[in-house]
Amino acid sequence: MTARIIDGAALSQKIREEVAQRVAKLAGTGVRPGLAVVLVGEDPASQVYVRNKVAACEKAGLYSKKEQYPASMSEAELLQRIEVLNGDPTIHGILVQLPLPPHMDSHKVIEAIAADKDVDGFHISNAGLLMTGQPLFRPCTPYGVMKMLEAENVPLRGAEAVIVGASNIVGKPMAMLLLAAGATVTLCNSKTRDLGAQTRRADVLVVATGKAGIVKGDMIKPGAVVIDVGINRGADGKLCGDVDFASAREVAGAITPVPGGVGPMTIAMLLVNTVEAAERLG
Ligand code: NDP
């Protein structure tokens, strides 16, 4: 069997067009959704992510404000900037690009963002709301994965969903969203014994570890839907995921590529969250 490729680039384009329509509707009420993207330091990958997010905003008609600061910025100065953005009526969403320099406490910084402008969905209130089944903002990457599963008509009620990777930004919120959709969820981490025994049970397998090729074809149940969140730079300099694509596509029923899978969906869902914030805040 050769797996169907789930085209995240095409689906994200469709979502961005829907966002543009919602932006146009809001314009009629005198509101232009605004996103502030705050970048501290010179991490090259973060710079690329921020550039892509700002470009996507502009393309969809949102207002975007990029604030870039040197790594030497103090935590107190950053907290002060966030306070200003919290009170700025032209800004509906605030995103602080992670990772922050080591002298900053990222939890403290995220908690400083007004929960109703926390379009990344990382604020502790938003994590709690998601956990208790009343989400305000769903974190963009797992939200994008849910949209892909929905677009592919993947049945989730009663399905075995296995997630490899349990971070606060991907694995844990992914588990909450799949659980809310009725799946039976297994969440694996680096201490999981016999990872293959877990992944082989999965009807839906989501992999988000940052370890290139950690899941191979023989760890996948035939016909499973495989979502590869990982973004790694291979020895050849090319981007690759956490799933060994060549062997996995011979076993899976459907699979996301890297690049062109989850990555573009994450950005699209950031735009969705920002528009939702603007619709709520006005
Ligand atoms: P983190 O490093 O924060 O978390 C990694 C998770 O994977 C941890 O829970 C860790 O376990 C687990 N893990 C590590 N090694 C293994 C292993 N051998 N077996 C099982 N579990 C393991 O990473 P993120 O969640 O931030 O990111 C994961 C990947 O997804 C990265 O490649 C990142 O670049 C990518 N990413 C992609 C996005 C996109 O838009 N496509 C968005 C965000 C991230 P433990 O808890 O025990 O340490």
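Can you say whether residue 161 is of a type in the set (A, V, I, L, M, F, W, C), without any contact (Cβ under 8 Å) to a residue 24 or more places away in the chain and within 23 Å of residue 264 (Cα to Cα), as far as the supplied structure shows?
Details: of a type in the set (A, V, I, L, M, F, W, C): yes; without any contact (Cβ under 8 Å) to a residue 24 or more places away in the chain: no; within 23 Å of residue 264 (Cα to Cα): yes.
Against the criterion (of a type in the set (A, V, I, L, M, F, W, C), without any contact (Cβ under 8 Å) to a residue 24 or more places away in the chain and within 23 Å of residue 264 (Cα to Cα)), residue 161 does not qualify.
Restricting 34, 28 to those that are small (Gly, Ala, Ser), out of contact with any Asp or Glu (no Cβ under 7 Å at 6 or more places or on another chain) and under 26 Å from residue 109 (Cβ atoms) reduces the list to 34. Using the structure shown, decide if residue 60 is crowded, with 18+ Cβ neighbours inside 10 Å, in contact with a strand residue (DSSP E or B) (Cβ under 6 Å, 6 or more places away or on another chain) and in contact (Cβ under 8 Å) with a residue 40 or more places away in the chain. Taking the combined requirement at face value, the residue does not satisfy it. Just one of the listed residues (4, 32) is touching a Leu at 6+ places or on another chain (Cβ under 9 Å) and either closer than 17 Å to residue 281 by Cβ or at pLDDT 95 or above (or both), and it is 32.
Within region 236-269, the set of residues being more than 11 Å from the ligand (Cβ to nearest atom) and over 15 Å from residue 164 (Cβ atoms) comprises 236, 237, 238, 245, 246, 247, 249, 250, 251, 253, 254, 257. Scoring residue 186 on the criteria (1) touching a residue at least 60 places away in the same chain (Cβ under 8 Å); (2) more than 10 Å from the ligand (Cβ to nearest atom); (3) not basic (Lys, Arg) leaves a single failure, condition (1). Mind checking whether some residue in region 211-224 is under 17 Å from the mean Cα position of the chain (by Cα) and either crowded, with 19+ Cβ neighbours inside 10 Å or within 16 Å of the ligand (Cβ to nearest atom) (or both)? Within region 211-224, not a single residue is under 17 Å from the mean Cα position of the chain (by Cα) and either crowded, with 19+ Cβ neighbours inside 10 Å or within 16 Å of the ligand (Cβ to nearest atom) (or both). For region 262-281, check the following and say yes or no: at least one residue is crowded, with 24+ Cβ neighbours inside 10 Å and either basic (Lys, Arg) or in a loop (DSSP other than H, G, I, E, B) (or both). Among the residues of region 262-281, not one is crowded, with 24+ Cβ neighbours inside 10 Å and either basic (Lys, Arg) or in a loop (DSSP other than H, G, I, E, B) (or both), which makes the answer no.
The rows are residues; the columns are (1) part of a helix (DSSP H, G or I); (2) in the same structural domain as residue 243 (by TED's automatic domain parsing); (3) away from the ligand (no atom under 14 Å from the Cβ).
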| site | (1), (2), (3) |
| --- | --- |
| 128 | yes, no, yes |
| 133 | no, no, yes |
| 163 | no, yes, no |
| 178 | yes, yes, yes |
| 182 | no, yes, yes |
| 201 | no, yes, yes |
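Could you check, for region 66-84, whether at least one of its residues is outside the structural domain of residue 224 (by TED's automatic domain parsing), surrounded by fewer than 21 Cβ atoms within 10 Å (Cβ to Cβ) and under 20 Å from the mean Cα position of the chain (by Cα)? Checked against the condition, which is being outside the structural domain of residue 224 (by TED's automatic domain parsing), surrounded by fewer than 21 Cβ atoms within 10 Å (Cβ to Cβ) and under 20 Å from the mean Cα position of the chain (by Cα), region 66-84 yields at least one hit.
So which residues in region 231-256 are within 19 Å of the chain's Cα centre (by Cα) and either surrounded by 20 or more Cβ atoms within 10 Å (Cβ to Cβ) or not assigned by TED's automatic domain parsing to the domain that holds residue 206 (or both), if there are any at all?
231, 240, 241, 242, 243, 255, 256
Only one of the numbered conditions (1) in contact with a helix residue (DSSP H, G or I) (Cβ under 9 Å, 6 or more places away or on another chain); (2) touching a residue at least 24 places away in the same chain (Cβ under 8 Å); (3) within 26 Å of residue 132 (Cα to Cα) is violated by residue 199, and that is (3).
The values are calculated or read from the model by the stated rules, or taken from the named source; none is laboratory data. Just so it is clear, the structure is predicted and the values come from calculations on it, not from any experiment. Note: ideal-geometry Cβ built from the backbone for every residue, glycine included; neighbour counts use all protein chains shown.
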